[in-house]
Each structure stands twice: as C-alpha cells, then as structure tokens.
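The values are calculated or read from the model by the stated rules, or taken from the named source; none is laboratory data. The structure displayed is predicted, hence computed values, not measured ones. When we count neighbours, we look across all protein chains shown, and the Cβ atoms used for this are built from the backbone with ideal geometry, even at glycine. With ligands, DNA and RNA removed, areas are computed over all heavy atoms of the protein, side chains included. Shrake-Rupley method; radii C 1.70, N 1.55, O 1.52, S 1.80 Å.
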Amino acid sequence: MENNELEIINHLLEVEKGASSLIDEAQLEAEKTILDAKTKYNKEYKEKYDSIVTLLEEDYKKELQKADEKHQKEMDDYKKELESKEIKTKEFNDFLDKEFFA
C-alpha cells in the first residue's frame, strides 16, 4: 500500500510540475503579447503624434509668414507716409529758436 501511495504522490507531483510549467509558459506568452501590443500602440501613437506636430508646425510657419508679411507691409506703408510728408525745416528751426533760445 505504501508503494501505491508513493506512486500517487509522485504522480500528483508530476501533474503539479506539468501545471506549473503550463502556467509559466502562459505567463511568458501573456508578457510577450502585452509587450507586442505596447510596442504596436506606442508606434501608432508616435506616428499620430508626429503627424499632428508636423501639421501644427506647418500652420505655425504659415501664420508666422502672414504676420511677417503684414508687418513688412505696415512698415513700408508707414515709411511711404513719412516720405510723402513735407519737411518744414525752417519752421522747425524757428520753433526751436523761439522755445529754447528766446
């Protein structure tokens, strides 16, 4: 009877060892699946992120170009306005003489 009990115990230990091996394999497979999914979604995220960043940078550059052009036009208009004004040197000098030297 003792021999039969030892056989049963050994058999149960073998079953437990096999189950443990299956669990270890399943754990490794789960970790691999999770890592693969994480890698895939990180790649997709980076692609989408880079795409959005590129679009935003393009929009920024366009708006910056528009602002630069508007600024340059306003400066050119202002210069033209100043150049079109008559310079009254004699009146200015008379004013200075009157205010500071009179």
Report task. Rounded to the nearest 500, what is the 222 nm mean residue ellipticity of the chain from helices alone, with -39500 (n - 2.57) per DSSP H run of 4+ residues and division by all residues? Result -> -35000 deg cm²/dmol
Query - Potential lengthening between T54 and S84 on full extension [0.36 nm per residue; Cα-Cα distance subtracted] - result: 6.3 nm
Query raised in the report: Where only protein heavy atoms count, and the probe is 1.4 Å, what is the accessible area per residue for the chain in Å²?
Result: 100 Å²
Report task. Along Cα→Cβ, 7 Å out, is where each label goes; now give me the distance between the ones at T39 and D76 in nm to one decimal. Result -> 5.6 nm
Report summary line: Taking a straight Cα-to-Cα line shorter than 12 Å from K80, and setting aside same-chain aspartates and glutamates fewer than 8 residues away, one finds none
Requested in this report: With P(r) over Cα pairs in 10 Å bins from 0, in percent defined as stated, name the option among [x] 11, 12, 11, 10, 10, 9, 8, 7, 6, 5, 4, 3, 2, 1; [y] 15, 41, 19, 7, 9, 7, 2, 0; [z] 11, 29, 34, 20, 5 computed from the structure displayed.
Outcome: [x]
Query raised in the report: Excluding same-chain residues fewer than 8 positions from K38, which lysines have a Cα within less than 20 Å of its Cα?
Result: K46, K48
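Give the ranking of Y78, Y45 by solvent-accessible surface, highest area first, calculated with a 1.4 Å probe. Write out the running numbers ahead of the final one.
Working: Y78 120, Y45 145 Å².
Largest accessible area first, the list is Y45, Y78.
Using a 1.4 Å probe over the heavy atoms of the protein chains, calculate the carbon and sulfur portion of the accessible area of the chain as a whole percent. Can you show the working numbers first?
Values: 6030 of 10220 Å².
With neighbouring chains kept in place, the figure for the chain is 59 percent.
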